[in-house]
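S.K.: Attaching a single structure in structure tokens format; questions to follow.
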Amino acid sequence: MNESAPKKIRRELLRHILLFSAAVVMLYPLLWMIASSLKPDELIFSDPMALPKSFDLSNYVEGWTALRVSFTTFYKNSFIIAIFAVIGNLMACSITAYAFARLEFRFKRIWFALMLGTLMLPYHVTLVPQYVLFLKIGWVNSFLPLIIPKFLAVDAFFVFLMVQFFRGIPREIDEAAIMDGCGPWRIYWKIMLPLSTPVMATAAIFSFIWTYDDFLGPLIYLNDMRSYTVPLALRAFIDSSGGESLYGELFAMSALSLLPVFIVFLAFQRLIIRGVALGALKR
């Protein structure tokens, strides 16, 4: 028996109300932060629910230079680390994934299982030995501990995603290339990479966002404020000794720090969805 039109309309209306309510709950912290960035410090917590009476942008102007170092430097540091992390992940993870998906070598299944096993290891488990290693070779207080490991295929998630994608490419293409005299490196460079644009774009976008948002890694390895990334700079607005904290400037710079992530996600969200879907469905 077909459902009556009024009942169907009521059900759809209720569903939209529930979805709208959930969206408001999830977006409220962001909206509160933006509203607080437009208020003087004394009004942020005294009347937290009130909307700003005027759009005062002084927190944005003062927050940019409120610390000893300009936020231009922090953005530059974050982009340097994120861009090199993207390059490293694309190079190392794609080569590793190609080897697992297309080449034959001893203990291949065992190495692949061990690689997948690293996905279950929390970052904190390897943090201390890595720090000791980087300290002994003199890399602490530099960008090297945050960049060099990316060129060694340490992100098993991207390797797994690319392996699934490469397995979906017909092997007849490899066989035809071998008959034309192509070796493994040429097949990887001339055939695999051009065909894997969706998954490579997905890996690049996720790598950029995760590296740009990373707080713990820079906190451990970077000591000089001139080397700070944006997340570390935001923490510097809070005085842990109990002194005066610059909350207005903090919220203003926090709002600005979200812009690169929003721009990247909104510009490439179709590639993200397509790459993840293809990587998950192909065998």
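Please treat every number below as a calculation from the coordinates, not as lab data. Not measured: the values here are computed from a predicted model. A quick note on method: Cβ atoms are made from the backbone with ideal geometry, for glycine too, and the neighbour counts reach across all protein chains shown.
S.K.: Only four residue types carry charge here, +1 at the Cβ of Lys and Arg and -1 at the Cβ of Asp and Glu. Report the dipole size of the range 144-268 about the Cα centre in Debye, rounded to the nearest 20.
M.R.: Using only the charged Cβ atoms, the result is roughly 300 debye.
S.K.: Only counting other Cβ atoms within 10 Å, I'd like 185, 210 sorted with the fewest neighbours first.
M.R.: By the 10 Å Cβ count, ascending: 185, 210.
S.K.: Mind listing the phi-derived Karplus ³J(HN,Hα) values for the range 8-25, rounded to whole Hz, using 6.51, -1.76 and 1.60 with θ = phi - 60°, and x for any glycine or proline?
M.R.: Calculated HN-Hα couplings, in order: 5, 5, 4, 5, 5, 5, 4, 5, 5, 5, 5, 5, 5, 5, 5, 5, 5, 4 Hz.
S.K.: Here's another thing I want to ask about it. Given 124, 55, 151, which one lies farthest toward the positive end of the charge dipole of the chain, if we put +1 on the Cβ of every Lys and Arg and -1 on the Cβ of every Asp and Glu?
M.R.: In the chain, that residue is 151.
S.K.: Another question, then. Normalising by the residue count of the range 5-62, find the relative contact order in percent from Cα pairs under 8 Å and 6+ residues apart. Working shown, then result.
M.R.: Working: 22 pairs, mean separation 17.1, N = 58.
Normalised by residue count, the contact order of the range 5-62 is 30 percent.
S.K.: Let me ask another. About the Cα centre, and with charges only on the beta carbon of Lys, Arg (+1) and Asp, Glu (-1), how big is the dipole of the chain? Nearest 20 debye, please.
M.R.: Working: 25 positive and 19 negative charges, 260 e Å.
That gives the chain a dipole magnitude of about 1240 debye.
S.K.: Relative contact order for the range 29-133: what is it in percent, counting Cα pairs under 8 Å that are at least 6 residues apart?
M.R.: Once divided by the residue count of the range 29-133, the mean separation gives 14 percent.
S.K.: Only one of the values [x] 26, 23, 16; [y] 29, 22, 19; [z] 41, 31, 16 was calculated from this structure for semi-axes √(5λ) of the Cα gyration tensor in Å; name its label.
M.R.: Here the calculated entry is [z].
S.K.: Hey, if you put +1 on the Cβ of every Lys and Arg and -1 on every Asp and Glu Cβ in the chain, which of 69, 89, 192 ends up farthest toward the positive end of that dipole?
M.R.: 192
S.K.: Additional query: How far is it, in nm, from the label point at residue 25 to the one at residue 137 when both lie 7 Å from their Cα along the line to the Cβ?
M.R.: Label-label distance for residue 25 and residue 137, simple model: 4.7 nm.
S.K.: Right, something else. Can you give the FRET efficiency for residue 116 and residue 151, using 1/(1 + (r/R0)^6), R0 = 22 Å, r = Cβ-Cβ distance, to the nearest 0.05?
M.R.: Rounded to the nearest 0.05, the efficiency is 0.60.
S.K.: Return the lysines within reach of residue 150: Cα separation strictly under 17 angstrom, same-chain partners fewer than 8 residues apart disregarded; answer none if there are no such residues.
M.R.: none
S.K.: For the range 63-281, what is the relative contact order in percent, using Cα pairs closer than 8 Å and at least 6 residues apart in sequence?
M.R.: About 36 percent, as a whole number.
S.K.: Now for a different question. Which of the listed residues, 166, 137, 225, is farthest toward the dipole's positive end in the chain, when Lys, Arg count +1 and Asp, Glu count -1 at the beta-carbon?
M.R.: Sorting the options by dipole projection puts first 166.
S.K.: Once every DSSP H run of n ≥ 4 in the chain is given -39500 (n - 2.57) and the sum is divided by its residues, what mean residue ellipticity at 222 nm do you get, rounded to the nearest 500 deg cm²/dmol? The partial results should precede the final answer.
M.R.: Details: 15 runs with 191 residues, N = 283.
After summing the helix terms and dividing by the residues of the chain, the value is -21500 deg cm²/dmol.
S.K.: Please rank 68, 102, fewest neighbouring Cβ atoms within 10 Å first, as an exposure proxy.
M.R.: 68, 102
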